[in-house]
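Below: one structure, written as C-alpha cells.
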Amino acid sequence: MAVLNEMQSMAVDTARDWVRDRLPVSAFRAMRDSAPTAGFDAAIWREAAGLGWITTAIAEQDGGAALGYLTLGLVVEQIGRNVGALPLATAAVAADAIAAAGGDELKAAWLDRLLAGEAVAAIALNEGARHAPHEVATRAVATVTGWRINGAKAFVAEGGGADLLIISADTGEGVALFAVDAMAQGVARTARHLTDSRGYADISLKDVYVPASARLKAAEGDPALVETLLHRLQSLTAAELLGLSAGAFEITLEYLKTRVQFGQTIGSFQALQHRAAELFTRIELARSAVEAALEALDAKSPDRARLVSLAKASAGETAHLATREMIQLHGGIGMTDEHDAGFYIKRSRVLETQWGSAALHREAYAQALGL
C-alpha cells in the first residue's frame, strides 16, 4: 500500500465524509429511478466540482492542484464505495488532456467550464462492442482552416450528458485526438442503456467540422497521447472497482455480524469466516496493485503500462468476487431490487470490461514481462 502524505490523507477524509453525507447509495437509487439522460445528478456534480476534485491531477499553471493521479484515484475509490454516479474519472482525464495538450484557443473555450463542473467532457475511443482503441475507422480530413470528421464511436461512458467529446480519428498520418462540441452540426447521439443505469451513448459524426485548434497535441516527451489517456482511464476505473469491492465487503461484513440463524449470528460460522477472510485479502492485494499503478503514472515510470494492466485485471477480478459474494452471503434478500447488492454487481460487471477486460490486461501484463 502507498504511504499517503498529509494532503492525500486530507483528500481521502474529505471524500469519505462528503460521499457519506451527499452521495449515499440511496442517492444512486433515486438517480436510477428518475433516469436522467446524463446518468448523474447535475446539481450533485456541480457540488462535487466545487470541492476541486476535477483539478486534482492538473498542473498548477493550468489552474490545477497538481496533486497527482494517486490522490485522484483515492477520491474515485471513495465514490465507488457508494456506487456514486459522478463522471469524475472521465471528466478529470479529459480536462487534464485539454490542459496539457490543448492550445490557448481550446483552453479559453472549455477549460474553465470543465474545471468548474459547468460542462462535462467524455472520451470516445472505441468503435465496437469490444475494447480496441487502436482500431480506428473514424477519419479526420484536413481542410484549409481545420478538420472534417466522419465516423462513429460506441459505448461512450458519460456520453449521454457530455458537452464536449474527445474523439480519436485517423488523419492519414496516424491517430489523433480532437475536441468536438457535442452540439456541433453533424454530431448525433443515441442512448446506450447498460445494466449500471449510467449515461452511455453511441456517437456518430457526419461531416463534422472542427477548427485547427481542436486537435490535441502531445506534450514534449509524451508523444503517445492516446496511450496516456488510456492508462489514466484504466487506473481510475481500477480505483472505482476497488471502491466497489470495499463497499460491498463492508456491507456484507455488517450483515454477517447481525444476521441470526440457528440461534447465532451467521458470521460465527467458520465457513463464512473463511470466505470473508479470503475476500479481505484479495481486496488488500488489489489495493496494492491499484495504488502502484497510480504512483507509476505520477512518476512517469517506464513500467507504468505493465502496472496499469496488473491493476485493472486485479481490481476487476476482485470486484467480480466481492459483488458475487455480497449476493450469495445475503441470501434471498440480496437477489431483490430492494437491496443495494444489485447496484454493486451491475456497476462492477460494466467496469470489468470498460477499457479492457481482465483477460485482455492479463495478456498485456504477460507480454510486458516477455512471457
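The values are calculated or read from the model by the stated rules, or taken from the named source; none is laboratory data. Just so it is clear, the model here is predicted, and its values are computed rather than measured. Here Cβ is always computed from backbone atoms with ideal geometry, including for glycine, and neighbour counts include all displayed protein chains. All accessible areas refer to the heavy atoms of the entire protein, side chains included, with ligands and DNA or RNA removed. Shrake-Rupley method; radii C 1.70, N 1.55, O 1.52, S 1.80 Å.
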Next on the checklist: Cut-off 10 angstrom, C-alpha nodes, Gaussian network model of the chain. Which of Ile98, Ile251, Ile166 fluctuates the most?
Outcome noted: Ile251
Item to check | Charge dipole magnitude, Cβ of K and R +1, D and E -1 - the chain, Cα centre, debye nearest 20 | outcome: 860 debye
Checklist entry - Taking N as the number of residues in the range 91-134, what value does Rg over Cα atoms divided by 2.2 N^0.38 Å take? => result 1.33
Item to check | Debye intensity ratio in log₁₀ form over the Cα atoms of the chain, taken at each q of 0.07, 0.11 Å⁻¹ | outcome: -0.30, -0.73
Next on the checklist: Quick check: with the 1.4 Å probe, what order do Val144, Val19 take by accessible area, largest first?
Outcome noted: Val144, Val19
Item to check | Formal net charge of residues neighbouring Leu70 (Cβ-Cβ distance under 11 Å; K, R +1; D, E -1) | outcome: -4
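So, for the chain, what is the accessible surface per residue at a probe of 1.4 Å, expressed in square angstrom? Please report the intermediate quantities before stating the final value.
Working: 16070 Å² over 371 residues.
Accessible area per residue: 43 Å².
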Checklist entry - Under a GNM of the chain (C-alpha, springs under 10 Å), which listed residue has the highest mean-square fluctuation: Leu164, Leu194, Leu115? => result Leu194
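Return the FRET efficiency for the residue pair Ala132, Ala212: r is the Cβ-Cβ distance, R0 is 41 Å, and the value is rounded to the nearest 0.05. Please list the in-between numbers first.
Details: r = 28 Å, r/R0 = 0.69.
According to the calculation, E is roughly 0.90.
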Next on the checklist: With θ taken as phi - 60° and the coefficients 6.51, -1.76 and 1.60, list the Karplus ³J(HN,Hα) couplings across the range 175-190 in order, rounded to whole Hz; mark glycine and proline as x.
Outcome noted: 8, 10, 10, 10, 8, 10, 4, 5, 9, 5, 4, x, 8, 10, 10, 10
Item to check | Cα pair distances in the range 103-210, grouped into 5 Å bins until the bin that holds the longest one, percent each | outcome: 2, 13, 23, 24, 20, 13, 5, 1, 0
Checklist entry - What residues have an amide H closer than 5 Å to that of Tyr200, excluding those fewer than 5 places away on the same chain, when H is modeled at 1.01 Å from N in the peptide plane? => result Glu158, Gly160, Arg192, Leu194
Checklist entry - Along the charge dipole of the range 66-137, which of Asn82, Ala122, His134 sits closest to the positive end, that is, farthest toward it, with unit charges on the beta carbon of Lys, Arg, Asp and Glu (+1, +1, -1, -1)? => result Asn82
Checklist entry - For Thr171, which sequence-distant residues (separation of 5 or more, or a different chain) have an amide H within less than 5 Å of its own amide H, given hydrogens modelled in the peptide plane? => result Ala140, Ala176
Checklist entry - Put His134, His330 in order of accessible area, largest first, 1.4 Å probe: what do you get? => result His134, His330
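Within 10 Å, Cβ to Cβ, of Leu114, how many net charges do the neighbouring residues add up to if Lys/Arg are +1 and Asp/Glu are -1?
On the way: positive: Lys107, Arg113; negative: Asp96, Asp112, Glu118, Asp163.
Combined, the nearby Lys, Arg, Asp and Glu give -2.
Carbon-plus-sulfur fraction of the accessible area of the range 247-326, 1.4 Å probe, in percent?
Carbon and sulfur together cover 56 percent of it.
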Checklist outcome for this item: A correct Karplus calculation of ³J(HN,Hα) over the range 299-311, with 6.51 cos²θ - 1.76 cosθ + 1.60, θ = phi - 60°, whole Hz and x for Gly and Pro, returns 8, 6, 5, x, 8, 5, 4, 5, 5, 5, 5, 4, 5
Item to check | Computed accessible area, Val76, all protein chains, 1.4 angstrom probe, square angstrom | outcome: 10 Å²
Checklist entry - Taking all protein chains as present, what is the carbon and sulfur share of the accessible area of the range 131-171, in % to the nearest whole number, probe 1.4 Å? => result 55 percent
Item to check | Chain lengthening between Ala42 and Leu4 when straightened (0.36 nm per residue, less Cα-Cα) | outcome: 10.6 nm
Checklist entry - In square angstrom, rounded to the nearest 10, how much accessible surface does Thr237 have for a 1.4 Å probe? => result 10 Å²
Checklist entry - Taking the Cβ-Cβ separation of Ala142 and Asp112 as r and a Förster radius of 25 Å, what is the calculated FRET efficiency to the nearest 0.05? => result 0.30
Checklist outcome for this item: Once Lys and Arg are counted +1 and Asp and Glu -1 for all other residues with Cβ under 13 Å from that of Glu363, the total becomes +3
Item to check | Principal-axis tilt of helix 341-353 within the chain, Cα atoms, nearest 10 degrees | outcome: 40 degrees
Next on the checklist: Straight-line reach only, C-alpha to C-alpha below 25 angstrom: list the lysines that Lys153 could link to, leaving out same-chain residues fewer than 8 apart.
Outcome noted: Lys107, Lys206, Lys217, Lys312, Lys346
Item to check | Computed P(r) (all Cα pairs; the range 193-261; 5 Å bins; percent) | outcome: 3, 10, 8, 13, 16, 13, 11, 8, 5, 4, 3, 2, 1, 0
Checklist entry - Where does each of Glu158, Glu6, Glu250 land when they are ordered by accessible area, with a 1.4 Å probe and the largest first? => result Glu6, Glu250, Glu158
Checklist entry - Got a number for the accessible area of Arg81? Probe 1.4 Å, square angstrom, nearest 10. => result 40 Å²
Item to check | Karplus-derived HN-Hα couplings along the range 236-245 (A = 6.51, B = -1.76, C = 1.60, θ = phi - 60°), whole Hz, x at Gly and Pro | outcome: 5, 5, 4, 5, 5, 4, 4, x, 4, 4
